[in-house]
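The values are calculated or read from the model by the stated rules, or taken from the named source; none is laboratory data. This is a predicted model, so every value here is computed, not measured. Neighbour counts are summed over all protein chains in view; Cβ atoms, including those assigned to glycine, are modelled from backbone coordinates with ideal geometry. Heavy atoms of the whole protein, side chains included, go into the accessibility calculation; ligands, DNA and RNA do not. Shrake-Rupley method; radii C 1.70, N 1.55, O 1.52, S 1.80 Å.
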Amino acid sequence: MQARMTNPAYVLPGAMKGIGALTQAIGESGLSQEVMEFVALRASQINGCSACVHGHVHNLRKAGTSEERIAAVVAWREAPFFSDAERAALQLAESATRLADRSQDAVPDALWDEVADHFDEKELSALILTIALTNMFNRINATVREPAGQTW
């Protein structure tokens, strides 16, 4: 499979500057890299973005995350391998990603309270921005048919 075009983020010179500034700010938040990768992987699984799933699995392996935890992200509710904070982050990723599936608030107050119990304001900001940025890339990659196999 071949992409329809070069990723638009690379075509428009200013786009990568903005994305780079955003990822730098997220990285300086204090949120753990593993949590960032878990939520990005989960959003990418939901959206069916093979390029992003591949990349986040690669990043988790490179960071030393166990294969057991990586494989269980897709079924995190039934897996005993995640902390309460990670579970809250994964639920937030699902809720923020599945906006069209909702019949209630996108992020219910109970979920918000749970996430806020585990993350400070900077970490929570990074978590929200990571989920949003991942969803943006998932949509770009789906549109241009970016194939799996590349890492960033």
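Numerical summary
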quantity	calculated
Qualifying position, being more than 20 Å from ASN138 (Cβ to Cβ), among the small types (Gly, Ala, Ser) and open to solvent by 20 Å² or more (accessible area, probe 1.4 Å), among ALA100, ALA72, ALA85, ALA79	ALA85
Out of GLY30, GLY64, sole residue that is outside any helix (DSSP H, G or I) and free of Cβ contacts under 8 Å to residues at least 12 places away in the same chain	GLY64
Conditions (1) closer than 16 Å to MET36 by Cα; (2) under 15 Å from the mean Cα position of the chain (by Cα); (3) open to solvent by 20 Å² or more (accessible area, probe 1.4 Å); number of the one not met by LYS122	(2)
Given (1) in contact (Cβ under 8 Å) with a residue 40 or more places away in the chain; (2) small (Gly, Ala, Ser); (3) farther than 21 Å from LEU90 by Cα, number of the condition GLY20 does not satisfy	(1)
Residue count, the range 87-111 (criterion: assigned to a helix (DSSP H, G or I), touching a residue at least 12 places away in the same chain (Cβ under 8 Å) and out of contact with any Phe, Trp or Tyr (no Cβ under 6 Å at 6 or more places or on another chain))	10
Set SER29, SER95, SER66, SER83: member being within 13 Å of the chain's Cα centre (by Cα) and among the hydroxyl-bearing types (Ser, Thr, Tyr)	SER95
Residue in the range 48-65 that is nearest to ARG145 (Cα to Cα), counting only those that are of a type in the set (S, T, N, Q) and open to solvent by less than 50 Å² (accessible area, probe 1.4 Å)	ASN59
